[in-house]
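Participant: Structure in structure tokens, see below.
The values are calculated or read from the model by the stated rules, or taken from the named source; none is laboratory data. Remember, it's a predicted structure, so these values are computed and weren't measured experimentally. Note that we place each Cβ from the backbone using ideal geometry, even for glycine, and neighbour counts take in every protein chain shown. Side chains included, ligands, DNA and RNA excluded: accessible areas come from the protein's heavy atoms. Shrake-Rupley method; radii C 1.70, N 1.55, O 1.52, S 1.80 Å.
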Amino acid sequence: MTPDISCVIPVHNDKRRLPRAVASALGQGPAVQVVLVDDASTDGSRELAAEMARGDPRIVAFALPQNRGQGFARNLGVALADALIVTFLDQDDEHVPGWYRHALGLLGEHPELAAVKGDLELMDVPPGISVARGDPRWAAMVFSPMWNVVLRKVVYQAIGGFPTASAYRTREGVEDITLMQALTRNFKVAQQDKVATRHYVNPGGATEFFLRRSRVVDGRIEFSEASPTEASGALQQANAEFQRRVAANLSALRTLIPPAK
């Protein structure tokens with residue numbers, strides 16, 4: 001049976017929490033596929049992913065021979081996905097029960113929608129960090145990631161998937177932001193108040209880095225420091241190149257599609 005939705009989970013050295021993430025996706029319903037792409041783990045995660053796939057036909061596992069980064073792993077996962085609707089989840093997070101049903105229902109009722117994006121719930125927030133839903137940084141955290149999005153696979157393919165340039169292989173996790181910018185600029189995305197994801201704020205991770213180096217001044221987000229790729233301009237250049245490539249992809253597709261008669 002073809003699944004209604006495929007959840008792509010990139011895997012790298014988190015054997016302890018991976019089963020929780022997989023269970024949160026499979027628990028959404030019987031017509032769910034989980035695609036695990038191991039990015040050269042060394043802690044047994046690769047073997048665990050393969051074992052999980054052998055024990056459940058709804059799970060597909062693929063192991064990369066060398067580390068290629070989260071964007072590459074996700075792109076490969078989408079290529080392996082069987083469903084026409086895809087979503088993403090990090091190995092240490094959870095999708096909230098009922099989220100897939102809600103998003104799939106909206107996409108089914110509204111063919112003009114390319115994607116549905118939900119809210120988030122922060123878990124295990126480190127000491128010294130606090131952010132409320134009214135804080136502009138909360139809105140930024142909701143917009144930025146792809147792990148609270150359900151979207152049509154054809155839209156993802158038209159965009160060209162996640163960027164994989166070296167500038168994106170940093171702790172900021174900005175490949176998600178770049179893809180979200182391309183998605184919202186070119187397609188219709190429905191923002192929902194419904195919580196999609198329980199996001200665990202890991203020490204040293206992208207979310208903690210964002211919150212610790214940011215503050216709100218006069219309603220605007222300001223940063224106390226720039227990352228090396230931001231300071232050098234490499235990140236801005238990579239983002240501009242990616243957006244140009246997306247525009248070229250979509251322009252070529254529009255040219256190829258004949259006008260309706």
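Participant: Of the conditions (1) in contact with a strand residue (DSSP E or B) (Cβ under 9 Å, 6 or more places away or on another chain); (2) at pLDDT 95 or above, Gln157 satisfies every one except a single condition; which number is it?
Facilitator: (1)
Participant: Okay, moving on. Go through Glu225, Glu208 for me and flag whichever is within 29 Å of Val131 (Cβ to Cβ), at pLDDT below 90 and either among the charged types (D, E, K, R) or open to solvent by 60 Å² or more (accessible area, probe 1.4 Å) (or both). Show your work before the answer.
Facilitator: Working: Glu208 fails: at pLDDT below 90.
Of Glu225, Glu208, the one residue that is within 29 Å of Val131 (Cβ to Cβ), at pLDDT below 90 and either among the charged types (D, E, K, R) or open to solvent by 60 Å² or more (accessible area, probe 1.4 Å) (or both) is Glu225.
Participant: List every residue pair whose Cβ atoms sit under 6 Å apart, with the two residues 6 or more apart in sequence or on different chains, where the first one lies in the stretch 59-82 and is under 9 Å from Gly161 (Cβ atoms) and the second, anywhere, is open to solvent by less than 60 Å² (accessible area, probe 1.4 Å) and of a type in the set (D, E, K, R).
Facilitator: Gly71/Glu175
Participant: Can you tell me which residue in the stretch 218-242 is farthest from Tyr156 (Cα to Cα), limited to those that are assigned to a helix (DSSP H, G or I) and in contact with a Ser or Thr (Cβ under 6 Å, 6 or more places away or on another chain)?
Facilitator: Thr229
Participant: Those residues that are open to solvent by 30 Å² or more (accessible area, probe 1.4 Å), closer than 20 Å to Asp92 by Cβ and either over 21 Å from the mean Cα position of the chain (by Cα) or among the charged types (D, E, K, R) (or both), I need them from the stretch 112-130; list them, please.
Facilitator: Scanning the stretch 112-130 gives Glu121, Asp124, Pro127.
Participant: For residues that are polar (S, T, N, Q) and within 26 Å of Leu106 (Cβ to Cβ), scanning just the stretch 1-28, find the one that is surrounded by the most Cβ atoms within 10 Å (Cβ to Cβ).
Facilitator: Ser6
Participant: Turning to a different aspect of this structure: Scan the stretch 201-223 for residues that are more than 13 Å from Ala140 (Cβ to Cβ), without any contact (Cβ under 8 Å) to a residue 24 or more places away in the chain and of a type outside the set (A, V, I, L, M) and jot them down.
Facilitator: Asp218
Participant: Among the residues of the stretch 29-36, is any among the hydrophobic types (A, V, I, L, M, F, W, C), in contact (Cβ under 8 Å) with a residue 24 or more places away in the chain, surrounded by fewer than 18 Cβ atoms within 10 Å (Cβ to Cβ) and on the phi < 0 side of the Ramachandran plot?
Facilitator: yes
Participant: Among the candidates Arg245, Arg215, Arg185, which residue alone is open to solvent by 80 Å² or more (accessible area, probe 1.4 Å), part of a strand (DSSP E or B) and over 30 Å from Arg17 (Cα atoms)?
Facilitator: Arg215
Participant: Which of (1) in contact (Cβ under 8 Å) with a residue 60 or more places away in the chain; (2) in a helix (DSSP H, G or I); (3) within 24 Å of Ala21 (Cα to Cα) does Gln157 not meet, given it meets every other one?
Facilitator: Every listed condition holds for Gln157 apart from (3).
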